[in-house]
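The values are calculated or read from the model by the stated rules, or taken from the named source; none is laboratory data. Quick caveat: nothing in here was measured; it's all calculated off a predicted structure. Using ideal geometry, Cβ is built from the backbone for each residue, glycine included, and neighbour counts are taken over all protein chains shown. In case anyone asks, the SASA skips ligands and DNA or RNA and just uses the protein heavy atoms, side chains included. Shrake-Rupley method; radii C 1.70, N 1.55, O 1.52, S 1.80 Å.
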Amino acid sequence: MTDAPKKLWGGRFSGTVDPLMDAFNASIHFDKRMYAADCMGSMAYAKALAKNKIISESERDQLLEGLATVMEEWETGKFVIKPGDEDIHTANERRLGELIGSVAGKLHTGRSRNDQVATDMRLWLRDECIKILAHVKELIAITVARAEKEIDVIMPGYTHLQRAQPIRWSHFLLSYAWLWQSDADRLEQLIDRFNVLPLGSGALAGHAFKIDRAFLAKELGFRDIIYNSLYAVSDRDFVAEFLFWSNLMMTHISRIAEDLIIYSSGEFGFVRLADAYSTGSSLMPQKKNPDSLELLRGKCGRVFGNMSGFMMTYKGIPSTYNKDLQEDKEPMFDAADTLSGSLQITAGVLSTMDISPNKMRASLSADMLATDLAEYLVRKGVPFRETHHISGAAVKMAEDRSCSLSDLSVNDLKSLHPSFDSDVSSVWNFETSIENRNAPGGTAKSSVLEQINLLKSWLANKKSNKSYKCITI
Ligand code: ARG
């Protein structure tokens, strides 16, 4: 192996490695995207080494300067990956050596790629989650703004995809805003949980040079250190949790996508997607397809695959670091990319689509007020269980006569129960039905406005929340 590049771990090896194995073993082609986290981690580590006099101050400064150059080379696209650069850690260390000479070899004192990679991943994911969180908040803000503007639009509400009761369009929109608000909360809790430092754990057993781990944590913006080195190098629960979070978030996106696909069909015609988010058919000139929504629905499957694939990898790993763990990065990267893209596309679709209030209203029919008819009798003192049957009998009477429920005369209704009176005509009003549902959480205007206000103040508080800031960008 005289001409081959020297491996970081090459000391005890004399044979050559199968080139196929080299390629199989390498992760540089995907983990290079953690270059900034890797450089930041190394900079903090150089400072900690000097703080404990493991290296001199001038050595620290050489390391810091060299690492800044490495970082800049990545940022400007000048970094050249060479054969033997197995992963981002080896690539950066090799380049640092070329730039500053043998002092580069001191940087890895007491450090292993095991605690290094675990640290890089947490740093990378933290920044990514902060960006994703901003996209979630933007999506909520767009939805709330639309709900406020279109508060007077009414539509059928569905259960079992059957028309059930009239609701405000805004109430429907906000049902998703609330799901996303819980998603945002969950993501923040998740960031906080994994924002702890593995670095300073060595390969598995701990650090032999009394590195100041609290200092390292502070430098890198971690809220604490991880107190068990075995756990520190092998824990990937944060990847599993992020993948589950991504999966749940995509499930919510997929569900609104499905609603809007149905609502945009010719039969419904409630919404019309902007051209920017639709495509045509190569054969049928009249087609306008909701491809954006279908892709959003489809990508949920992809993210589920990332999660389930990773869980399979994770489940059989004995203590502590095992190379299986290199398989943690691609699903994490792919989920983050998919989420970031999907959230922005969802926001784009929601902010640009047109709605047809006329079509929505035209889909309302008097039978959707059958519950209101029962409630009319409740207000006259009849027990609800009885009124439910009486209203059901009225629905049947209208069906038998092929007329609308509201076409039944007062006498027809009186034949079903004596408490019906001429004021029953007030039941046949969709707005009244909606306004009756004015307990908090209902579809009445006051309740919907309350939701809007609550979400707006949540957004205002969240926007000023500066507890996390990206360190690698
Ligand atoms: N590229 C490796 C990974 O992603 C880095 C850690 C390698 N550690 C080791 N002991 N081989 O997992």
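Go through the residues of segment 77-86 one by one and say whether even a single one is in a helix (DSSP H, G or I), out of contact with any helix residue (DSSP H, G or I) (no Cβ under 6 Å at 6 or more places or on another chain) and either more than 14 Å from the ligand (Cβ to nearest atom) or not hydroxyl-bearing (Ser, Thr, Tyr) (or both). Within segment 77-86, not a single residue is in a helix (DSSP H, G or I), out of contact with any helix residue (DSSP H, G or I) (no Cβ under 6 Å at 6 or more places or on another chain) and either more than 14 Å from the ligand (Cβ to nearest atom) or not hydroxyl-bearing (Ser, Thr, Tyr) (or both).
Does Val448 satisfy being open to solvent by less than 60 Å² (accessible area, probe 1.4 Å) and more than 19 Å from Thr371 (Cα to Cα)? Spelling it out, Val448 is indeed open to solvent by less than 60 Å² (accessible area, probe 1.4 Å) and more than 19 Å from Thr371 (Cα to Cα).
Going through segment 256-292 one residue at a time, which ones are of a type in the set (A, V, I, L, M), in contact (Cβ under 8 Å) with a residue 12 or more places away in the chain and part of a loop (DSSP other than H, G, I, E, B)?
Within segment 256-292, Leu273, Ala274 qualify.
The condition of being within 15 Å of the chain's Cα centre (by Cα), within 14 Å of the ligand (Cβ to nearest atom) and modelled with pLDDT of 95 or more holds for only one of Leu133, Leu125, Leu139, that being Leu125. Of all residues in segment 226-238, those that are more than 16 Å from the ligand (Cβ to nearest atom) and buried (at least 20 other Cβ atoms within 10 Å of the Cβ) total 1.
The condition (being more than 16 Å from the ligand (Cβ to nearest atom), without any contact (Cβ under 8 Å) to a residue 40 or more places away in the chain and assigned to a helix (DSSP H, G or I)) is satisfied by just one residue among Gly305, Gly348: Gly305. Among the conditions (1) more than 22 Å from Thr352 (Cβ to Cβ); (2) open to solvent by 10 Å² or more (accessible area, probe 1.4 Å), Leu190 misses just one, which is (2). For Asn92, the criteria (1) out of contact with any Cys (no Cβ under 8 Å at 6 or more places or on another chain); (2) of a type outside the set (Phe, Trp, Tyr); (3) within 16 Å of the ligand (Cβ to nearest atom) hold in every case but one, which is (1). Looking at Ala208, Ala217, just one residue is open to solvent by less than 10 Å² (accessible area, probe 1.4 Å), away from the ligand (no atom under 16 Å from the Cβ) and either touching an Asp or Glu at 6+ places or on another chain (Cβ under 6 Å) or aliphatic (A, V, I, L, M) (or both), and that residue is Ala217. Of all residues in segment 101-114, those that are open to solvent by 40 Å² or more (accessible area, probe 1.4 Å) and away from the ligand (no atom under 14 Å from the Cβ) total 3.
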